[in-house]
Amino acid sequence: NTITNKWGEIVNSTPDNVPMRKSNCGMISFNINGKDKLLLVGGYGPTPVTTHSHSQYVPNPNDPNYCCTNEIHLMCVSSSPGQWIVPVITGTRPPPCTGFTLHTLPGNRGVMFGGVTIEETGEHRVDDVFLLTYSQDTIDFQKVVKPGDTRGKWPKGRQCHASSIIKTISSNKQDTFHLLVLGGRDENMKLLTDCWILNLSSLKWFQIDLPESVTNRFAHSLSTFYISKQCVWVVVTGGT
């Protein structure tokens, strides 16, 4: 509570719809019809006893007591705190994934990038981009189609990267939003020393050159804030 500066625990009131215990999931907030909602996606954790019929739970080949999931849950924190629901999913549901990034966009939209999937052959770092659209109790996922040749046009699959949303104003004074992605680990668990920006209108990536002292890290934090309409500061801290 930012008025009283006190924390309070939200107690689950719907045991049948509670998300599994997990780490490295994604969570964003949005507002529909004056109601504040939380969206919880994916993650990794102990294999739950109770599962949801439309979700997948892929066991870790090295430890079947843990799994990766594509569970998706909603909570209306303004009217029903503690009451989780399983929303209707349309479009292309993301596979079980962990270690991705997820952001809110204006207009009841969101964007999800990267992460780790678990298959019979082991873990795989993915380069997938999903665009989300929210309605009352429905989430639509659309996977962005990659070009035939991704060399120099699309970032490598990764996990434990950091990302943020940047807003720019075009020549016709329309807001354009971009996804900034920095660092992380690749398919071979090597550090990635690159920085990419996805134009969320044209859905085209471009790479920008930054010193390795900035990009050469994973599990770090990244944030952006605006000095003016033409100047955006990117702050990177921590990581390994």
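The values are calculated or read from the model by the stated rules, or taken from the named source; none is laboratory data. This one's a predicted model, so the numbers in the text were calculated from it and none came from an experiment. Positions of Cβ are backbone-derived with ideal geometry, glycine not excepted, and every protein chain shown enters the neighbour counts. We work out accessible area using only protein heavy atoms, side chains counted, and drop any ligands, DNA or RNA first. Shrake-Rupley method; radii C 1.70, N 1.55, O 1.52, S 1.80 Å.
Things worth noting here:
- Summed over the stretch 60-114, residues that are touching a residue at least 60 places away in the same chain (Cβ under 8 Å) and within 27 Å of residue 195 (Cα to Cα) total 15.
- Those residues of the stretch 95-142 which are among the hydroxyl-bearing types (Ser, Thr, Tyr), within 22 Å of residue 46 (Cα to Cα) and touching a strand residue (DSSP E or B) at 6+ places or on another chain (Cβ under 6 Å), in sequence order: 98, 101, 117
- Taken together, 190, 173 contain a single residue that is within 23 Å of residue 110 (Cα to Cα) and basic (Lys, Arg), which is 173.
- Scan of the stretch 14-28 for residues that are on the phi < 0 side of the Ramachandran plot, surrounded by 13 or more Cβ atoms within 10 Å (Cβ to Cβ) and in a loop (DSSP other than H, G, I, E, B), ordered by number: 14, 18, 19, 20, 22, 25
- Residue in the stretch 29-52 that is part of a loop (DSSP other than H, G, I, E, B), under 14 Å from residue 134 (Cα atoms) and open to solvent by 20 Å² or more (accessible area, probe 1.4 Å) present: yes
- Residue check: residue 213 meets all listed conditions (1) without any contact (Cβ under 8 Å) to a residue 24 or more places away in the chain; (2) in contact with a Leu (Cβ under 9 Å, 6 or more places away or on another chain) but one, namely (2).
- Test: residue in the stretch 140-156 that is in a strand (DSSP E or B), open to solvent by less than 20 Å² (accessible area, probe 1.4 Å) and in contact (Cβ under 8 Å) with a residue 12 or more places away in the chain: yes
- Filtered residue count, the stretch 191-212, keeping only those that are open to solvent by 90 Å² or more (accessible area, probe 1.4 Å) and over 26 Å from residue 146 (Cα atoms): 1
- Close Cβ contacts (under 8 Å, 6 or more residues apart or on different chains) running from residues in the stretch 224-240 that are touching a residue at least 60 places away in the same chain (Cβ under 8 Å) and within 15 Å of residue 178 (Cβ to Cβ) to residues that are of a type outside the set (A, V, I, L, M, F, W, C) and open to solvent by 100 Å² or more (accessible area, probe 1.4 Å) comprise 232/226.
- Pick from the stretch 100-139, criterion of a type in the set (Ser, Thr, Tyr) and in a loop (DSSP other than H, G, I, E, B), ranking: modelled with the highest pLDDT: 135
- In the stretch 158-190, residue most open to solvent (accessible area, probe 1.4 Å) [restricted to those that are among the small types (Gly, Ala, Ser) and either outside any strand (DSSP E or B) or at pLDDT below 95 (or both)]: 171
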